[in-house]
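Below is one structure, written out as structure tokens, with a few remarks after it.
The values are calculated or read from the model by the stated rules, or taken from the named source; none is laboratory data. As the structure is a computational prediction, the values presented were derived from the model and not from experiment. FYI the Cβ positions are ideal-geometry reconstructions off the backbone, even for glycines, and counts take in every protein chain you see. Please note that ligands, DNA and RNA were not included when accessible areas were found on the heavy atoms of the full protein model with its side chains. Shrake-Rupley method; radii C 1.70, N 1.55, O 1.52, S 1.80 Å.
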Amino acid sequence: MAEETQKPEAAAAAAPADEVVVEKPEVTEKEPPPPAPEPEPEPEAPEKPAAAVVEEKEAEVEAVEVKKPKVVKKETKITQSVSFKEETNIVGELPESQKKALEELKQLIQEALNKHEFTAPPPSPTPPPKQEEKPVAEEKKEEEKKEEKEEEKPAAETSEEPKVETEGKSEASEKVETEEKSEASEKVETETPAPVEVKEEEKTPPPAEAPTETVVVTEVVEKVTAVDDDGAKTVEAIEESVVAVSAPPPAEKQEEEASASKEAETAPPSEEQKEAEVPPPPPEEVSIWGVPLLADERSDVILLKFLRARDFKVKDAFTMIKNTARWRKEFGIEGLLDEELGHELEKVVFMHGFDKEGHPVCYNVYGEFQNKELYQNAFADEEKRSKFLRWRIQFLEKSIRKLDFSPSGICTIVQVNDLKNSPGPGKKELRQATNQALNLLQDNYPEFVAKQVFINVPWWYRAFNMMISPFLTQRTKSKFVFAGPAKSAETLFRYIAPEQVPVQYGGLSREGEQEFTVADAVTEVTIKPSTKHTVEFPINEKCNLVWELRVVGWDVNYGAEFVPSAEDGYTVIVSKTRKVTTADEAVISDSFKTGEPGKVVLTVDNQTSKKKKLLYRSKTKPYSD
């Protein structure tokens, strides 16, 4: 059932062009024009003219007829990818492209560790010094502006004084003064460009000296405006100042350059020089799930998980690792392991046994949330939902720490999700908490699930799964297995041995001190409808025989007897034949002591019209009086 429902989803995960090619052969063979995935292109129809749509459909039909052989290959690939199979973690067995991706990822991680990018916040640590330099530059500018303003103030005062004096003078004197001022200004205009040109020809254009020249010129202009009483004096002052600025003797220039170089030599080292002299800090050490990122073969296993989660796109995997490392620090994972979060949720999520390949099995029992008190304590408000999330992450972290991250070890788990009596999608709080947990697990715990088995799946879950399916990758969906209530135990037995399956899910594993353990193998037998099946345990010596059995779903007749090997012996009834239902007992445990050889015969009579799954095992113990 799971494979059938996942085939269209797998096709949807492929490119749109491939999807059309895959489904068209069914149209030509079955003749009904609208195949199942065809409604997907309909949203694009309003954007195109009708004629263009007709031409595209004709082109697609022609392409289908030409590419029929390729379609078969694509269909086989899709069916093979439905069932997930774990890849190897041994580097030597990887394809060359994956080896190359792993090496590139290691280089990126090493560079990031050298630069302390994992523990540092996302913005780089270089901006703070730049922010300190900017205020210094601004302060210098402000000081220069203040100096200019201070120099301009006396100039303004002197420029106002002559205006007051001229009010009492005659028109002739005013004309003379204005003529003298105009002549002085003309001389300034004609003489001031000369020093600038001389400086440009004599000196090389260092950027540091440019601002000093402009300052000198402005000072000269201020002096000119400051002296207005005697026109001749102002002209002389202007000429002297211009000569002093424009034509300094070469010896003075050499002395200034020599003094500047000495100052540069004797100046204290800058912050950049100091940083260059300080040796770089050692590379940081980052570990995830107790395994360093770059250490040994176990590190390769961790990195391969991130690479596979991002289809071996190195940059994407590197970004995911950095985000995971930062999230673990922000979430406080190391401290979370020792945090006390209560035990009321132990029946909701628990680890029990291993599957046939050795993966630990985690059971998620959603039906426990039918308990209103438990539900309120877990999801009533944001604080309680946050505590539930921390408890779930803590449980997962403790489970992961028990895994073997060696290349040939077991580093994934099997998830069994029991949806019997689940509150359903109508519970808003549960849905919010579940979505939040799924997002965190998908972003920060890549490739830790070998199989997702959903049992006791109700009718509504199919629709719910179709809603969330588009948000899951094809790799994730290939790990999903669904089973309704009637097929749940049988589905579990495909992946988990009956001796490892808890009793409540159809297996023989029980808590407490029992005669049998998970080391005692269980035999599985399918009893056909309206047939009787017998099981024989031979006894060759004086002993105590112990056995246990169960029929999944029961509703059968059961009986047991001892048949001695001697011809003149008498048959002993161990258990009278009786009708057993599911409500009676899950597992029948019985024993028989005998001092003579013979056999114990168990009889299971299935009078229903459905086949039944019989599980049993036995062992002998020393005879004791």
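Yes or no: the range 388-398 includes at least one residue that is more than 26 Å from Val501 (Cα to Cα) and open to solvent by 50 Å² or more (accessible area, probe 1.4 Å).
The answer is yes; a qualifying residue exists.
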Could you tell me whether Tyr445 is out of contact with any Gly (no Cβ under 7 Å at 6 or more places or on another chain) and over 30 Å from Ser299 (Cα atoms)?
-> no
Reported set for the range 95-117 where residues are in a helix (DSSP H, G or I) and surrounded by 15 or more Cβ atoms within 10 Å (Cβ to Cβ) is Gln98, Ala101, Leu102, Glu104, Leu105, Lys106, Leu108, Ile109, Ala112, Leu113
Considering only the range 496-510, how many residues are part of a helix (DSSP H, G or I) and surrounded by 19 or more Cβ atoms within 10 Å (Cβ to Cβ)?
-> 3
Is the range 517-538 home to any residue that is aliphatic (A, V, I, L, M), at pLDDT below 95 and more than 21 Å from Arg494 (Cβ to Cβ)?
-> yes
Would you check if Thr412 is of a type in the set (S, T, N, Q) and farther than 22 Å from Ile288 by Cα?
-> no
From the list Glu548, Glu513, which residue is open to solvent by 20 Å² or more (accessible area, probe 1.4 Å) and either at pLDDT 95 or above or more than 41 Å from the chain's Cα centre (by Cα) (or both)?
-> Glu513
Quick one: is Gly569 modelled with pLDDT under 95, within 15 Å of Gly506 (Cβ to Cβ) and in contact with a strand residue (DSSP E or B) (Cβ under 8 Å, 6 or more places away or on another chain)?
-> no
From the list Arg475, Arg392, Arg431, Arg401, pick out the single residue that is farther than 22 Å from Glu346 by Cα and among the charged types (D, E, K, R).
-> Arg475
Which of the residues belonging to the range 435-468 are buried (at least 18 other Cβ atoms within 10 Å of the Cβ) and at pLDDT below 90?
-> Tyr461, Asn465
Out of (1) open to solvent by 20 Å² or more (accessible area, probe 1.4 Å); (2) over 18 Å from Glu357 (Cβ atoms), the odd one out for Ala483 is which?
-> (1)
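Within the range 400-415, how many residues turn out to be in a helix (DSSP H, G or I) and either modelled with pLDDT under 95 or open to solvent by 30 Å² or more (accessible area, probe 1.4 Å) (or both)?
The total comes to 0.
Pull up the range 416-434, narrow it to residues that are in a helix (DSSP H, G or I) and in contact (Cβ under 8 Å) with a residue 24 or more places away in the chain, then point me to the one that is surrounded by the fewest Cβ atoms within 10 Å (Cβ to Cβ).
Top of the filtered list is Gln432.
Can you confirm whether the range 462-475 contains a residue that is among the hydroxyl-bearing types (Ser, Thr, Tyr), in contact with a strand residue (DSSP E or B) (Cβ under 8 Å, 6 or more places away or on another chain) and over 15 Å from Ser399 (Cβ atoms)?
no
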Report whether or not Val525 is assigned to a strand (DSSP E or B), in contact (Cβ under 8 Å) with a residue 60 or more places away in the chain and closer than 15 Å to Lys599 by Cβ.
-> no
Selection within the range 335-379 - in a helix (DSSP H, G or I), open to solvent by less than 30 Å² (accessible area, probe 1.4 Å) and within 27 Å of Gly290 (Cα to Cα) | Leu336
All but one of (1) in contact with an Asp or Glu (Cβ under 7 Å, 6 or more places away or on another chain); (2) β-branched (Val, Ile, Thr); (3) open to solvent by less than 40 Å² (accessible area, probe 1.4 Å) hold for Val572, so report the exception by its number.
-> (3)
Which of the residues that make up the range 559-601 are in contact (Cβ under 8 Å) with a residue 40 or more places away in the chain and β-branched (Val, Ile, Thr)?
-> Val587, Ile588, Thr594, Val600, Val601
Within the group Lys305, Lys315, which residue is open to solvent by less than 20 Å² (accessible area, probe 1.4 Å), of a type in the set (Lys, Arg), more than 30 Å from Glu490 (Cα to Cα) and assigned to a helix (DSSP H, G or I)?
-> Lys305
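Could you list all residues from the range 484-496 that are under 20 Å from Ser422 (Cβ atoms) and modelled with pLDDT of 95 or more?
Listed by number, the residues that qualify are Ser488, Ala489, Thr491, Leu492.
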